[in-house]
Amino acid sequence: MSLQQSIQQAAQKEYSPTAPAIAPKNVQMYKYDQFDDEFITQRIDQLRSQINRRLAGELSEDEFKPLRLQNGVYLQLHAYMLRLAIPYGQLNSTQMRALAYIARKYDKGFGHFTTRQNIQYNWPALSDIPEILEDLQKVEMHAIQTSGNCIRNTTSDPFAGAAADELTDPRPWCEIIRQWSTLHPEFAFLPRKFKIAVNAAEQDRAAILYHDVALQIIENDQGEMGFKVYVGGGQGRTPVIAKLVREFLEPQYLLSYLDAILRTYNMLGRRDNLYKARIKITVNETGVEEFSRLVELEWNRIKDTGFNLPEEQKQTIFKHFELPEFELHQYDAEKFESKKLKNNGFDYFVKNNTFAHKQDGYTIVSISLKPHGGIPGDISADQMDLVAQLADDYSLSEIRATHRQNLVLPHVKLDDLFILWQKLTKAKLAAGNIGLLTDIIACPGLDYCALANARSIPIAQMIAEHFDDMKKLNDLGDITLNISGCINACAHHHVANIGILGVDKKGEESYQVTLGGSSRSDADIGKIVGPGFSGDEIVGAIETITNVYLAGRTNNDETFLAYYRRAGQTPFKEALYNVA
Amino acid sequence: MLLNKHGETAENENIIIKDVDGLTLHDDQILPYAYWLTQKAEIKQKLNRVSIWLDSHDDIEALSDDLSSIDLIALNFPKFGDGRAFTMAHLLQDKFGFKGEIRAIGHPIADQAQFLFRCGVDSIDIPAAQDPAIWVKEATRMSRFYQRSAENITANSKY
Ligand code: HEM
Ligand code: SF4
């Protein structure tokens, strides 16, 4: 079956026969023009020739590596892995159906949403990859720069363009950065990978301060919009919070300022040690004052002669993101409240999985990919098709991926929420645990990853099984728990309120616990609480930690993090290690 | 074999000098940066055409006063992953206004050819063991770009 047939069939099979076959037109997102399409064609041709040269032995694995990486092709424990870009986490329903098609045809019927708003397939054959990319091109997607020592997919707020708490829509700026960074000739062989994140909301839902460059959109005293620029955040072995380098950057200078940062990093970044090559180390070793002095020096040289996006072309990009036409409608608050009273599950879902929309009568709905005992971030092809259909029926055909490995339907009418919840429940996608202890981020760990010291997914599953009482979970409230299988920290354990790190202790799996991390605007790095726990002990340790919090908090409004910041590690240490 | 941005090849007449012991100066030589720094006067006096090569960690700022007396600057790729030459080429041309020829030498790979040209490199010294046909193909692989090329040229670029 071809991609088109599959999309058509998925769209018509069980649901509305009017669903579009290919790219829905009404979605407010960037749409390719002829230039973009030709660009992708040429890029796929290039990768095909590189793969052929590799298969013919003309390219060594060493030489092939940076090329395949820049196209999202990784070598994993069992096979090649393909990582596709979901620019700033936004998808339309047709794209989601294409992802389902790829999962069925080239993988084992699954996809895995990552912590960088991308999707990964774990089982594609190398020789199939050009074909997969051609299918993706038909729905305006690609895998360019999803890996390698280059500028990666720009990430942003998954609620962008919908959230009540945003100053402005960050997506057009992300798109401008996407285009500028795509095959940027000067920055394709940097010392190390480079990630940019943009946020425009009050809450930080994109962990921007852990990116190489963080752009917070702000308004100055004159009411003008601009960027607050931070540089040098990152995770991995050495977690670092990005540092402020510019209080206010006029938006017309965004690209020349980024050029200046990247150019400075490309020259200064260390190339002698893989673990010291990220810009976080460059900034620490150079000193943030000196580093920003060098950036400003370069920027002043190029700000007026170098490249900045002309206003007219900026406007063209912005037009793609104009708000959709929301239906003005009166939602029935009374009926809504009575449904909540009658349905515990719905009540929790509304409480945890919805967020205030900028339009009255609408809400933002998160779909948890952390079902009870499931694999965090995993989704089956059938579930993808269902989410696509739900997006068509209830969310103006739009879907988002979040950095906590969940999905979002950004534009849902409150009146539709109950039926949407019912349909999600049927598909086992209605877990009402967004932001709760079981909304766990876990890396692949020992089950898939060659670098792992310990299992991650099974630990996440054990914790989810143990904490299966929704009442208790809601009582615990807002807590983040992340599990990485080794020090590379793919699951961001350092920045979780409760972090679990798998380490190898004389050939045995051991789990080290950190407390007090945060990836929001009050960013902090968690601290190790004491000696590690075995796989058998770790769930008990988490239970003890949550009990210390429940017993110690002043009231229900004091979150786990707030309590930890007040009480420190002592009560946890006492309870975990029986020390007086 | 040399390659230019139009994908044309030419014989390479130059010799890259690594060891300067007992060197007799000659116009076809590409001299080491350190040697140039200490022997500037003599080199300028003896040669009609001055060519020097820089390693990726060499400081191009230190050259900025001398650029008018240099005809060719070769930028070495100690390994292809060391991407400093891209920025060095940009700075030489855009910041220091170097008007001579910029060449990539050492161990670049074919898939970097077009990036190099777009950063201001004029010629690439194709590594000996490699098939020039692939380089010729890659030199003009893409004809759609999201950035302007060196000297702000907008041909085939989106903006
Ligand atoms: C199974 C194969 C995987 C391998 C071998 C792997 C390997 C690595 C390594 C070596 C690093 C450290 C890079 C550095 O410090 O510069 C890293 C970082 C990271 N990985 Fe993975 N990873 C894998 C899967 C994943 C998955 C599935 C995700 C998403 C769920 C992921 C997300 C990340 C993130 C977000 C970082 C941190 C980036 C930062 O430093 O800011 N990785 N990975
Ligand atoms: S954190 Fe370690 S074990 Fe987990 S995916 Fe990353 S490299 Fe593998």
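The values are calculated or read from the model by the stated rules, or taken from the named source; none is laboratory data. Remember, predicted model here, so these are calculated numbers, not experimental data. Please note: Cβ atoms are built from the backbone with ideal geometry, for glycine as well, and neighbour counts cover all protein chains shown. For accessibility, only protein heavy atoms count, side chains too; no ligands or nucleic acids. Shrake-Rupley method; radii C 1.70, N 1.55, O 1.52, S 1.80 Å.
Quick look at the numbers
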| quantity | calculated |
| --- | --- |
| Members of A:Lys195/B:Lys95; A:Lys319/A:Lys423; A:Lys31/A:Lys193; A:Lys31/A:Lys426; A:Lys105/A:Lys276 lying beyond 30 Å, as alpha-carbon distances in this model show | A:Lys319/A:Lys423; A:Lys31/A:Lys426; A:Lys105/A:Lys276 |
| Pairwise Cα inverse-distance average, inverted: Kirkwood Rh of region A:208-340 (Å) | 17.5 |
| Amide proton proximity set for A:Leu437, modelled H, under 5 Å, gap of 5+ | A:Ile479 |
| Phi to ³J(HN,Hα) by Karplus 6.51 cos²θ - 1.76 cosθ + 1.60 over region A:443-459, Hz, x for Gly, Pro | 7, x, x, 4, 5, 10, 9, 5, 8, 5, 9, 8, 7, 10, 4, x, 5 |
| Student exercise, the protein assembly as shown dipole from Lys, Arg, Asp, Glu Cβ charges, in Debye to nearest 20 | 1100 |
| For the pair A and B, total buried accessible area rounded to nearest 100 Å², probe 1.4 Å | 3500 |
| Residues of region B:133-159 buried by at least 40 Å² on assembly (accessible area, 1.4 Å probe, chain alone as reference) | B:Ile134, B:Arg141, B:Met142, B:Arg144, B:Tyr146, B:Gln147, B:Arg148, B:Lys158, B:Tyr159 |
| Over region A:441-577, relative contact order from alpha-carbon pairs under 8 Å, at least 6 apart, % | 19 |
| Cα shape, region A:310-410, gyration tensor, a/c 1.5 rule | oblate |
| Simple Cβ-charge dipole of region A:124-232, Lys/Arg +1 and Asp/Glu -1, about Cα centre, in debye nearest 20 | 460 |
| Highest-fluctuation residue, B:Leu54, B:Leu63, B:Leu72 considered, GNM on chain B with Cα pairs under 10 Å | B:Leu63 |
| Set of aspartates and glutamates near A:Lys339 by C-alpha distance (under 14 Å), chain-local residues within fewer than 8 positions excluded | A:Asp347, A:Asp415, A:Asp416 |
| Centroid-to-centroid separation of region A:32-96 and region B:1-39 [C-alpha atoms, Å] | 37 |
| Amide H contacts under 5 Å for A:Ile144, placed H, 5+ residues apart | A:Ala85 |
| Within straight-line cross-link reach of B:Lys137, lysines at Cα separation under 25 Å, skipping those fewer than 8 residues along the same chain | A:Lys65, B:Lys5, B:Lys79, B:Lys158 |
| Pairwise centroid distance, computed over Cα atoms, of region A:318-374 with region B:98-125, Å | 54 |
| 0 to 90° range, to nearest 10: angle between helix B:33-46 axis and chain B longest Cα axis | 70 |
| Computed over region A:170-319: relative contact order in percent, which uses C-alpha pairs under 8 Å that are six or more apart | 21 |
| Theoretical ellipticity at 222 nm over the protein assembly as shown - DSSP helices of four or more residues, -39500 (n - 2.57) apiece, nearest 500 | -10000 deg cm²/dmol |
| Accessible area per residue in Å² at 1.4 Å probe, computed on the protein assembly as shown | 39 |
| Cα-Cα P(r), region B:4-159, percent of pairs per 5 Å interval | 2, 9, 19, 21, 20, 14, 9, 4, 2, 0, 0 |
| Under 5 Å, built H, 5+ apart or other chain: amide partners of A:Lys243 | A:Val231, A:Gly232, A:Gly233 |
| Quarter of Cα convex hull surface for the protein assembly as shown, i.e. mean projection, nm² | 34.8 |
| Charged-residue dipole, Cβ positions (Lys, Arg, Asp, Glu), region A:441-577 about Cα centre, Debye nearest 20 | 380 |
| Region A:538-555 - phi-based ³J(HN,Hα) in whole Hz, Karplus 6.51/-1.76/1.60, Gly and Pro as x | 5, 5, x, 5, 5, 4, 4, 4, 5, 5, 4, 5, 4, 6, x, 5, 6, 7 |
| Gap separating the Cα centres of region A:98-138 and region A:153-204, nearest whole Å | 23 |
| Excluding exposed DSSP-loop trypsin sites (Lys or Arg not before Pro) (at most 14 other C-beta within 10 Å), longest clean stretch of chain A | A:238-427 |
| Length-normalised contact order of chain A in % [C-alpha pairs under 8 Å, at least 6 apart] | 13 |
| Phi-based couplings in Hz for region A:59-66 (Karplus 6.51, -1.76, 1.60; Gly and Pro marked x) | 10, 6, 4, 4, 6, 6, 3, x |
| Percent accessible area from carbon and sulfur atoms, region B:2-152, protein chains only, probe 1.4 Å | 45 |
| Minimum 20 Å² accessible area buried by the other protein chains, region B:82-98 residues, probe 1.4 Å, relative to alone | B:Gly83, B:Arg84, B:Phe86, B:Thr87, B:His90, B:Leu91, B:Asp94, B:Lys95 |
| Heavy-atom accessible surface of chain A: percent carbon and sulfur, 1.4 Å | 50 |
| Leading residue at positive end of dipole, region A:170-319 (Cβ point charges), from A:Tyr275, A:Leu215, A:Ile261 | A:Tyr275 |
